[in-house]
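Here, each number is a calculation from the coordinates, and none is a lab measurement. All figures in this text were calculated on a predicted structure; none of them were measured in a lab. No Cβ is skipped: glycine too gets one built from the backbone with ideal geometry, and neighbour counts run over all protein chains shown.
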Amino acid sequence: MALIAGLGNPGAEYRDTRHNVGFELLDLLSDKLSATFESESGLYDLGKARFKGQNVWLVKPKTFMNLSGKAIRKVLTKTNHDPRQCLVCYDDVNLDAGTIRLRPSGSAGGHNGIQNIIDELKTNQFPRLRIGIGNNYRRGQQANYVLSPFSDEEKPVIEKTLEYASEAVMTFLHSGIDNAMNQFN
């Protein structure tokens, strides 16, 4: 059994922004796995599916990105998952658009949402899928950049990247983090 968490910001004003690629990946996965999201406890939306004979939970925190940890902690408790069973998917300005990276654990790498998860769980021992959004912004403009939509030129790249990322998640579910890293990094 596994839990896939996609990070983003709630609300229509953040839809289709760079910071919400984690949510977009979860939407793609919910289509592929025929899962529908239901609101749970006010902190997150939860989808449940079956894949290759196992239960899979998809979670979108309804907290803002930088406070994702409370929602992740609560859903791990509710679904009786260990953090090492929770793949967290999120945007990363340190990777070029079109690039993904899987890791079994690690630091926050400057990502406030991941730092909040580490703080809430009191561990960095959870797998993550970083989705590159590039860093084409001027110094001091990172917040504006991540909260802006992709350009028309970037949209096809991100669509392909999300499809590739969904295949990586399916491999993670079927074969584990090591096999997914070997195949997709």
Here are some pairs, Lys32/Lys60; Lys74/Lys160; Lys122/Lys160; Lys74/Lys155; Lys52/Lys155; Lys70/Lys160; which of them have Cα atoms lying more than 26 Å apart in this structure? Lys74/Lys160; Lys122/Lys160; Lys74/Lys155; Lys52/Lys155; Lys70/Lys160
Expressed in angstrom and rounded, the centroid-to-centroid distance over alpha carbons for the range 94-111 and the range 23-82 is 20 Å
Taking the chain as a Gaussian network, Cα atoms linked when under 10 Å apart, which of Tyr90, Tyr44, Tyr14 shows the biggest mean-square fluctuation? Tyr14
Asn20: net charge of surrounding residues, Cβ under 12 Å, Lys/Arg +1, Asp/Glu -1, itself excluded? -2
For the peptides 121-134, 152-165, what is the packing order when you average, over each peptide's residues, the other Cβ atoms within 10 Å and list the highest mean first? 121-134, 152-165
Taking only Cα atoms and a 10 Å spring cutoff, compute GNM fluctuations for the chain and point out the largest among Asp27, Asp91, Asp119. Asp119
In what sequence do Phe23, Phe172, Phe37 fall when counting other Cβ within 10 Å, fewest first? Phe37, Phe172, Phe23
Rounded, prolate or oblate: which fits the range 88-169 when a ≥ b ≥ c are the square roots of the eigenvalues of the alpha-carbon gyration tensor, with rounded for a/c under 1.5 and prolate only if a/b beats b/c? oblate
Assigned charges on the beta-carbon of Lys, Arg, Asp, Glu; the range 2-184 dipole about Cα centre (debye): 600 debye
So what are the chain's ellipsoid semi-axes, whole angstrom, largest first, if each one is the square root of 5 times an eigenvalue of the alpha-carbon gyration tensor? 23, 18, 16
Taking the Cα centre of the range 87-185 as origin and charging only Cβ (+1 Lys, Arg; -1 Asp, Glu), how large is the dipole, in debye to the nearest 20? 320 debye
Using helices alone, what [θ] at 222 nm do you get for the chain, with -39,500 (n - 2.57) per DSSP H run of 4 or more residues, divided over all residues and rounded to the nearest 500? -11500 deg cm²/dmol
For the pair Asp31 and Gln141, what calculated FRET efficiency results from E = 1/(1 + (r/R0)^6), where r is the Cβ-Cβ distance and R0 = 35 Å, to the nearest 0.05? 0.55
What is the packing order of peptides 143-149, 60-66, taking the mean over residues of other C-beta atoms within 10 Å and listing the highest first? 60-66, 143-149
